[in-house]
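**Student:** Starting off with a structure, shown below.
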Amino acid sequence: MNKVGRSEIRVDAFDKATGRTKYYEDRMPAGALYIRIKHAEIAHGFVRRVDTAAAVAIPGVVKVLTCFDVPEIDFPTAGHPWSMDPGHQDVADRRLLNRHVRYWGDDVAVVIAENEVAANQGVRALKVEYEELPFVIDAQKAMEPGAPQLHERFPNNILKHTDIRKGDYQAAIQEPGLICVDKWYDTPTVQHCHIENFGCYAYEENGRIVVVSSTQIPHIIRRAVGQALGRPWADIEIIKPYIGGGFGNKQDVLYEPLCAWCTTQVGGRCVRLDCAREETFVSNRVRHAIRFHIITWLRRDGTIVARKVDCFSNQGAYASHGHSIVAKAMGSFPQHYPCDNMECDAYTVYTNRPAAGAMRGYGMPQASFADESNIEDCARAIGMDSYEFRKKNVMPRGFHDAFTGNTNYYDTYRECMAKGAAYIDFERKKKEFANDTGDIRRGIGLATFWYNTAVYPISLETSSNRMLLNLDGTVTFQCGETEIGQGADTAYAQMVAEAVGLASYRDVRVKSCQDTDITPTGLGAYASRQTYVAGFSIRQTADILREKILKYANEVTRQAVGCMDIVDGNIIRKEDGIILMSLKELAMTAQYNPVHSEHITAESTYTIRNNAFSFGCTFAEVEVDIPMCKVTLKNIVNVHDCGRLINPALAAAQVHGGMSMGIGYGLSEQLIFDEKTGKPLNGNLLDYKLSTILDHPHLEAEFIENPEPTSPFGTKALGEPPVCSCAPAIRNAILNATGVAIDHNPINPHVLFAEFSKAGLIQDDWREEEK
Amino acid sequence: MSQYKLIHCTINGKEVEKMVDVRASLTDMLRDDYHLTSVKKGCEVGECGACNVLIDGEAFNSCIYLAVWAEGKHIETLEGLLSPEGELSDIQRSFVEETAIQCGFCIPGFIMTAVEILNTGKLYTDDQLRRLLSGHLCRCTGYENIFRAVKKTMYRRHGKPIDF
């Protein structure tokens, strides 16, 4: 029986339901010293002096270290694999603590103390003298001449500019009779809000440094800690226990290097660095706010003739993942709605905001908001139904991208849209809602997206794993790809059981905790790569293990290797199907054979040189209370083609979480900054409006299972895709309900009040009366 | 005022006494003194619900409840739900079966609130149930399967067939 394609219970469900699962803080060694960070309280400037006397005098304070004490080494923090080509290495632009303060919340000093209270008191007792400089928090303003400069090496604060040119845009737009839709779209700074804040602890062991961290990417962290401390990478050991969510924030090098350095400053004693929620919002990473200028030229029949797309990505203070995000966003346009003439430019710009890094969707939620809003606006401009407009223009079957080698093998987009439309009863509701004219109006909208599964060929794609045959015939499995809540361990167990020929996924013991000294090297949880890339190496290692098992079985059973197979935990003879011996019998025999003892194990690395398009769409139905400026989401469905589902129940759960994040992006989430000081104003879970259970209707997850031909298991991306198309579908539903096109998210009551006032839907009677 | 105070209380059915720092939260006491690490810290200011425990049957965010206030109280954490033989309670089983668990960090708090809801013996409407669960934040599940797990258990306890 197939082990994949079944809704099995998660391998970690029991422990998580009983509270036994150990996250980093639950493994904390007794007596660990507390590190607390002094964060800058200016948006831009230089630290001139730090008076530490009062802090040092506090009982329990062990050590105070400032930006004047750290090694003079700039290091990068992006959670990307190392590149042997210096031109492709990540930008190294920060130190463990920074003299040049580049955002409100930058790290300028640390206090290490015996207890939490003393550490906090120590931080409050530090007196920091600054030389303040003008600051800039808007990406386009930061590019202007005379704007405050953040990094010497990057004039006009431009971290990078790339472009795409296709056909001849200028010539194409000369065609008479074209309709032009020229608009700006703006997306906000948001934060990941995993419920476990980032934290880690570090200690020295036999002259090496061990860091236990809440990270998605242990092997990459090892390299970065080595770089930041100027130590050989092999001097560092990273241990990754269970983590309480990551969503990309923990796909960055956060405070592991600082924590590792602190242990070396206190004689190798264990030090812990736990971020508070407020620090997680401001001093970890955020999603890039990207502003788009899109000019689309259309014929009246709905043909897109030419498009110009400018993208301005707000990087914040440090490069982190940098230009990769907006490059991905820009790169989506020519493939999503292909047209012959395109001019696209993307700029990543430093500003005095928190550093932006990876976040679920990696540029696509931003691109999708802009692109799908513009597509909706284009359809309206020519009076065409937007569903029909999409069907006419969206990436067609057979579309091939030469760079990634991706092909759209099926007619997936149209299949997904048809399924979503059927679920939500799109055609009927569209007609019915068109009659709404009162204060409360209903609307329905849709949006689509595509997503790359892995990062080939931009970065290395490699996956390694190890399989050990246990004495009871089960298999222990280890790989570098990490469980971060998404259910990866369960998917691996199902794939291993299938590939080896075990009776159940329960016969696979997945070692969830990665230790870079022991675990085969993998890159970790990012892109939406893990199930796809692990599939290649699991199939390969399973083949090696099977070969070894059958070779040993040949000695015992005298049956030819080619005549045997492993099915449901037994070695069988293929021709007549009789069971020759169980894997347990074989394992015991092999291990304890006095003449030929063998512990049967296999290990391999697979370099993946494929990638795969993942597709989907969202349909959203809203009710808009115009006088109250309130949107209620009544119904929402996501339809995904992520290839064959390894575990349908877990896949649906993954979609629910992404939809929730997408709904927050559309309606409520936004980190706000004070224009006068650059200070973040709502970096806590009370003032930052994360969706609660009251903010969602039922979330419907549906699938089209078109098997991905490049994958040994027919699977492709699902981790990030669910977040991509929700916000624009909601925006388009609000447009459908009210006729008001809102071109920036989140679409909260403040925004609606301004937009409805402008559109004349509401009158500000109160102010009139005041006069 | 002395910095430490002797506190007597019942934790998961067992009577205990401990000297606690008067500044410590109940979260700190449960985690640090009793190693009840199901009690999670997501914000430490009563916003997220991850540290939720039952105090005399009522759900509280233990991060904003002082340890010294626990004097004479009956405190229950997720660890207390497992039977002595290691069997899951009905609500835990539903969380497992309904795929309501992902990273797992918010789950202990959610389950303890669910216990409070279920122990009222009432059959709530969907809207009521959502309101009762709204003090918890989760970033993984979109609350969809958590809602299903609680609703399913509630219906089972009433011996009623469920219609999602």
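**Student:** Specify which of the listed residues (A:K22, A:K38) is crowded, with 22+ Cβ neighbours inside 10 Å and either more than 27 Å from A:P134 (Cα to Cα) or away from chain B (no Cβ under 14 Å) (or both).
**Tutor:** Result of the check over A:K22, A:K38: A:K38.
**Student:** In segment B:60-100, what residues are within 7 Å of chain A (Cβ to nearest Cβ) and free of Cβ contacts under 8 Å to residues at least 40 places away in the same chain?
**Tutor:** The answer is B:L82, B:L88, B:Q92, B:V96.
**Student:** Okay, moving on. Which one of the conditions (1) touching a Gly at 6+ places or on another chain (Cβ under 8 Å); (2) part of a helix (DSSP H, G or I) does A:P712 fail to meet, given that it meets all the rest?
**Tutor:** All conditions pass for A:P712, except number (2).
**Student:** Residues that are among the charged types (D, E, K, R) and either modelled with pLDDT under 95 or closer than 30 Å to A:E237 by Cβ (or both): which strands (runs of 3 or more DSSP E) entirely in segment A:149-206 hold 1 or more of them?
**Tutor:** A:199-205
**Student:** Would you mind telling me which numbered condition in (1) in contact with a strand residue (DSSP E or B) (Cβ under 9 Å, 6 or more places away or on another chain); (2) over 14 Å from B:M154 (Cβ atoms); (3) not hydroxyl-bearing (S, T, Y) B:I111 fails?
**Tutor:** (2)
**Student:** A:I9 passes all but one of (1) among the aliphatic types (A, V, I, L, M); (2) within 14 Å of another protein chain (Cβ to nearest Cβ); (3) buried (at least 21 other Cβ atoms within 10 Å of the Cβ); which number fails?
**Tutor:** The single condition A:I9 does not satisfy is (3).
**Student:** Of all residues in segment B:14-43, how many are surrounded by fewer than 21 Cβ atoms within 10 Å (Cβ to Cβ) and under 19 Å from B:G104 (Cα atoms)?
**Tutor:** So the answer is 1.
**Student:** I need the full set of residues from segment A:653-707 which are away from chain B (no Cβ under 14 Å), over 30 Å from A:E415 (Cα atoms), under 22 Å from the mean Cα position of the chain (by Cα) and buried (at least 21 other Cβ atoms within 10 Å of the Cβ), in order please.
**Tutor:** Correct list: A:Q670, A:L671.
**Student:** Could you list, in sequence order, the residues of segment A:588-646 that are buried (at least 23 other Cβ atoms within 10 Å of the Cβ), small (G, A, S) and more than 21 Å from A:I375 (Cβ to Cβ)?
**Tutor:** A:A612, A:G643 - these are the residues of segment A:588-646 that are buried (at least 23 other Cβ atoms within 10 Å of the Cβ), small (G, A, S) and more than 21 Å from A:I375 (Cβ to Cβ).
**Student:** If you don't mind, another one. As an exercise: evaluate A:V595 against (1) assigned to a strand (DSSP E or B); (2) without any contact (Cβ under 8 Å) to a residue 24 or more places away in the chain and give the number of the one condition it does not meet.
**Tutor:** Tallying (1) assigned to a strand (DSSP E or B); (2) without any contact (Cβ under 8 Å) to a residue 24 or more places away in the chain, A:V595 fails exactly one: (1).
**Student:** Of (1) within 14 Å of another protein chain (Cβ to nearest Cβ); (2) surrounded by 15 or more Cβ atoms within 10 Å (Cβ to Cβ), A:N157 satisfies all except one. Which?
**Tutor:** Of the numbered conditions (1) within 14 Å of another protein chain (Cβ to nearest Cβ); (2) surrounded by 15 or more Cβ atoms within 10 Å (Cβ to Cβ), the odd one out for A:N157 is (1).
**Student:** Taking the conditions exactly as written (surrounded by 24 or more Cβ atoms within 10 Å (Cβ to Cβ) and in contact with a helix residue (DSSP H, G or I) (Cβ under 7 Å, 6 or more places away or on another chain)), does B:I117 satisfy them or not?
**Tutor:** Answer is no for this residue.
**Student:** Checking the condition at pLDDT 95 or above and outside the structural domain of A:Y532 (by TED's automatic domain parsing), which residue from A:A421, A:A497 passes?
**Tutor:** Every option except A:A421 fails the conditions.
**Student:** Here is a further query. Restricting segment A:624-652 to residues that are within 14 Å of chain B (Cβ to nearest Cβ) and in a loop (DSSP other than H, G, I, E, B), which is farthest from A:R442 (Cα to Cα)?
**Tutor:** A:I646
**Student:** Go through segment A:385-409 residue by residue and tally those that are in a loop (DSSP other than H, G, I, E, B), touching a helix residue (DSSP H, G or I) at 6+ places or on another chain (Cβ under 8 Å) and not charged (D, E, K, R).
**Tutor:** 3
**Student:** Cβ-Cβ distance below 6 Å, separation of 6 or more or different chains: which pairs start in segment A:471-485 with a residue that is within 14 Å of chain B (Cβ to nearest Cβ) and end on one that is in a loop (DSSP other than H, G, I, E, B) and surrounded by fewer than 24 Cβ atoms within 10 Å (Cβ to Cβ)?
**Tutor:** A:E483/A:S512
**Student:** Could you check how many residues of segment A:222-243 are surrounded by fewer than 21 Cβ atoms within 10 Å (Cβ to Cβ) and among the aromatic types (F, W, Y)?
**Tutor:** So the count comes out to 1.
**Student:** Any residue in segment B:101-119 that is within 12 Å of chain A (Cβ to nearest Cβ) and hydroxyl-bearing (S, T, Y) sitting within a Cβ distance under 9 Å of a residue that is surrounded by 24 or more Cβ atoms within 10 Å (Cβ to Cβ) and assigned to a helix (DSSP H, G or I)? List the pairs, counting only those 6 or more apart or interchain.
**Tutor:** These pairs meet every condition: B:T113/B:V150.
**Student:** Checking the condition outside the structural domain of A:R441 (by TED's automatic domain parsing), modelled with pLDDT of 95 or more and assigned to a strand (DSSP E or B), which residue from A:E621, A:E603 passes?
**Tutor:** A:E603
**Student:** Can you report the number of residues in segment A:97-108 which are in contact with a helix residue (DSSP H, G or I) (Cβ under 8 Å, 6 or more places away or on another chain) and of a type in the set (A, V, I, L, M)?
**Tutor:** 1
The values are calculated or read from the model by the stated rules, or taken from the named source; none is laboratory data. Computed from a predicted structure; not experimentally measured. Quick reminder, even Gly has a Cβ in these numbers, built from the backbone with ideal geometry, and neighbours come from all protein chains shown.
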